[in-house]
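Reviewing the structure listed below.
Computed from the coordinates by the stated procedures, all read-outs in this text should not be read as laboratory data. Keep in mind that what you see is a predicted model, and the values were worked out from it rather than measured.
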Amino acid sequence: PQGSRGELLLSLCYNPSANSIVVNIIKARNLKAMDIGGTSDPYVKVWLMYKDKRVEKKKTVVMKRCLNPVFNESFAFDIPTERLRETTIVITVMDKDRLSRNDVIGKVGDTPRGHPGGSRGHPAPAPGARWGPLMLGV
């Protein structure tokens, strides 16, 4: 569709016995071309936020000139159970630029907080991977 920024396939899994969450960045499809040549050099940034403050950042490798990249990368974050309700995962697909600032291709919309019931009206993420549309975040 016109104006689409693409989709990202990912999964989230919280392990209560290890107090950790694993974010699997699997692949993206139909990413918006951000470069003059009609492609992008995408990578994914994953931020762990606690009470809306950035705590930890991880990122995938850059896939050169690709609009349907396969990442297959997993990132583990330590999150004590008592902090889970105030924790958010922010996932942003970026376009790497050599000469200027990197561009945001899109963000996965409002990743649910909390476990097992979620919070702020969001259900807890279901097990398994799912596609999420990318939106232009602020």
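Around the amide H of residue 96, modelled in the peptide plane, lie the amide H atoms of 41, 43, all under 5 Å away and 5 or more residues distant in sequence or on another chain. For the residue pairs 32/58; 58/107; 32/107; 27/58, the alpha carbons lie more than 20 Å apart in 32/58.
Only aspartates and glutamates eight or more places from residue 51 in sequence, or on another chain, were considered; those with a Cα closer than 19 Å are 78, 82, 86, 110.
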